[in-house]
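To start, the structure under review is shown below, and the notes come after it.
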Amino acid sequence: MHGYRYAALASLIILLAFTLILATAISDSGLPNYSYVKSITIYAPAVSGSGEGVLSKTTLIVASPGSGRVFFSALPYTELDTQGAARIAAYIASLVAGVSFNNYDYYVITESNVPIIGGPSSGGLMCVGFLSLLTNKTLNPSVTMTGMINPDGTIGPVGGLKEKLDAAASNGFKIFLIPKGQRYYQYPVIQETRLPWGVIRRTVYQSIDLVEYGRSINVSVIEVGSIFDAFTYFTGVDINASSILESLQVSIPGEIVDSLLNNLSTVLQDTYSSVSKIYSYYYRGSLQTVVDNLNNTLSSLYSIKDKYPVYAFMQGLSMYPSVIYYNLYSKVLSNTLSIDSILGTVNTTLTSIGVRLSGIGGNLDLDELIWFSLAKAVYYRAGYYYTNALSSTSNSDKLAYLSYSLSYAEQCSILLDLMKALPSSSPPSLINLVDTRDLYAAASTIYSYIEALVNEVGGNTQVLSDASDYYGLMNSQIVNDTVTLLGFTVYVIGESTYALHMVFDQSNLDDVAYVQQAILTMLPSKILSTPVLRFFIEYGSEALENRDYSSAVHGFSQAFSLYLVLALTLEGNSNTSTIYASTFSQGGVTSSNTTTPFIQIPVNQPIANTTTPENQLSRELILEYLGILVITVAAISIILALRIIKHR
């Protein structure tokens, strides 16, 4: 009998111990403790699995203090690109609002009564919703929209527009915003032909003017090109935070441009000489035509370099891979150079530039740091192709890899020259305060999101080759080099954004470029005053004046990428909050009492997560198992206690 009592006592002690362990685990589980929480519910037009237009209910929440986490929950389950769109929506909303992304956590809770076709089409609406919460603005309940949110704040094209418009109309919405350029829409119609032996069904596409169709069902359909346009229609507020593009003049020393173009000219003249020595008439004629075209392009750059120096410089820089490849190719065909000798030349060049990079001191201001990071990223790309050349067994592939390696090495050297030549007026570097997780998160989110979109539509993945190279290097070769990681991030985001437009907006790149330029006039101006960012804006603007819309989109995409990276970088500064607040108030956007202010809750009262982030899954399982153990021990204790009573 005493044994039972001791066993019961031991069981109760174990139960108490497990209870204490469980309480400790819960208190240390990382569940957020928020001081302020604010939410809004929006209704996004979507297409059901059966092809009909429906509305999905989405609740958006911003909570502070946060750490830049984005939580996503969907019922029924939806595609991964919808989750990527949610994070990009949060990025863009924080940039436009002029607040620190990492000061908040963001929640997206999507519900639908029927299975819907997932995708990025609700990204624009999510961004508008987050922006309304961050700026304390009320959304017009009669307005809804569809459209992707792109990493540069543009609204991208989507499908199912007629079905979504029908859903919006049937649910009482009076204004329906669609992506710019999608007014005339091709939608599928099932046609049936009845024959004595059965029915033949086929899908045909009919064109419809969505503006006219919307008018017939009492809905105003309006095209929007940017998040700024969409937000104005939803709130009646012009959230223009800056208008300084006209003053963003940046000068590049003429000798830098001349040196680059003259070097290209020298290489081309050498190529002409090598081509003339090629024995084969076919190869000699083909290469002569290619070199003539390159020389014509170079001549056009000479003619505009004084009026458009930044454009001429960047176009010349982009010519290097082709110019060097055909130079080496002609030398190999004319037997004046061997693959082995080219290997030695590339190795010597890489070694020399590596010594130059290692000799640059750490006392750099922000602009110098950015140029240095871009140069280092290009240098590692040169090394990547050199490594590929060493492992290649095909001479043609080896020659291509070596030419890429040599051209990127030359580009690295030119960027270092540019770093020294351009004036700098930015504050000291904040690189030691950068959280590399922010850079990885931004680059991986945007690259993976855009890669998924390109694959879904069957687009040419070759447009992602530049972004893919830098993304692969970022993940595999650089671990503790924050400077190079900074450069990789800028290139990954910029090249991914450019690829996105080349796939989805090939027919209207001019519209995209003008919208991008307009957005840059509206962003908070503190970061825009950085000379290195102004350089890329000037590149896009000069390309636009030359009607080179592809290059304009490329330049502006790089500018947006740099803007986002700088925003994340500057968040490491204790004065960042003051910077953002002052630039936002300068734009005339002030707090409004038209919406309910943040709901204040006791600081020590936790808010339950609506979704479980991946890095908390193992902890949740541990807590679950601890709970099972506690219940088991409790049951044993009760049984022992009953047996003690029975034996008395």
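Here residue 57 passes the criteria (1) among the charged types (D, E, K, R); (2) at pLDDT 90 or above; (3) assigned to a helix (DSSP H, G or I) except the one numbered (3). Of the residues that sit in the range 155-179 and are assigned to a helix (DSSP H, G or I) and under 28 Å from the mean Cα position of the chain (by Cα), which one is surrounded by the fewest Cβ atoms within 10 Å (Cβ to Cβ)? Filtering first and then ranking leaves 164. In summary, residue 75 fulfils each of the numbered conditions (1) open to solvent by less than 10 Å² (accessible area, probe 1.4 Å); (2) more than 22 Å from residue 496 (Cβ to Cβ) with the single exception of condition (1). Out of curiosity, is residue 292 touching a residue at least 24 places away in the same chain (Cβ under 8 Å), open to solvent by 40 Å² or more (accessible area, probe 1.4 Å) and not hydrophobic (A, V, I, L, M, F, W, C)? No. Annotation: of all residues in the range 327-379 being under 24 Å from the mean Cα position of the chain (by Cα) and closer than 30 Å to residue 274 by Cα, the one that is most open to solvent (accessible area, probe 1.4 Å) is 379. Scanning the range 244-264 for residues that are in a helix (DSSP H, G or I) and at pLDDT 65 or above yields 254, 255, 256, 257, 258, 259, 260, 261, 262, 263, 264.
In the range 469-487 there is no residue that is modelled with pLDDT of 90 or more and assigned to a loop (DSSP other than H, G, I, E, B). For the range 273-287, a residue qualifies if it is surrounded by fewer than 16 Cβ atoms within 10 Å (Cβ to Cβ) and in a helix (DSSP H, G or I), and the qualifying residues are 273, 281, 282, 283, 285, 286. Quick check on my filter: what residues within the range 119-136 are surrounded by fewer than 24 Cβ atoms within 10 Å (Cβ to Cβ) and in contact with a Phe, Trp or Tyr (Cβ under 8 Å, 6 or more places away or on another chain)? Within the range 119-136, 134 is the sole residue that qualifies. Return a yes/no flag: does the range 487-495 have any residue that is open to solvent by less than 40 Å² (accessible area, probe 1.4 Å), closer than 23 Å to residue 149 by Cβ, touching a residue at least 40 places away in the same chain (Cβ under 8 Å) and more than 16 Å from the chain's Cα centre (by Cα). Within the range 487-495, none of the residues are open to solvent by less than 40 Å² (accessible area, probe 1.4 Å), closer than 23 Å to residue 149 by Cβ, touching a residue at least 40 places away in the same chain (Cβ under 8 Å) and more than 16 Å from the chain's Cα centre (by Cα). Within the range 216-233, at least one residue is open to solvent by 60 Å² or more (accessible area, probe 1.4 Å), touching a Lys or Arg at 6+ places or on another chain (Cβ under 9 Å) and part of a loop (DSSP other than H, G, I, E, B). With respect to residue 320, determine if the residue is of a type in the set (Ser, Thr, Tyr), crowded, with 21+ Cβ neighbours inside 10 Å and modelled with pLDDT of 95 or more. Against the criterion (of a type in the set (Ser, Thr, Tyr), crowded, with 21+ Cβ neighbours inside 10 Å and modelled with pLDDT of 95 or more), residue 320 qualifies. Taking helices (runs of 4 or more DSSP H) as the structural unit, those lying wholly within the range 504-564 and holding at least 1 residues that are touching a residue at least 24 places away in the same chain (Cβ under 8 Å) and closer than 19 Å to residue 454 by Cβ correspond to 509-520.
The values are calculated or read from the model by the stated rules, or taken from the named source; none is laboratory data. From a predicted model like this one, the values you see are computed outputs, not experimental measurements. Cβ sites come from the backbone with ideal geometry, for glycine too, and all protein chains shown count toward neighbours. Surface areas here come from the heavy atoms of the whole protein model, side chains and all, with no ligands, DNA or RNA. Shrake-Rupley method; radii C 1.70, N 1.55, O 1.52, S 1.80 Å.
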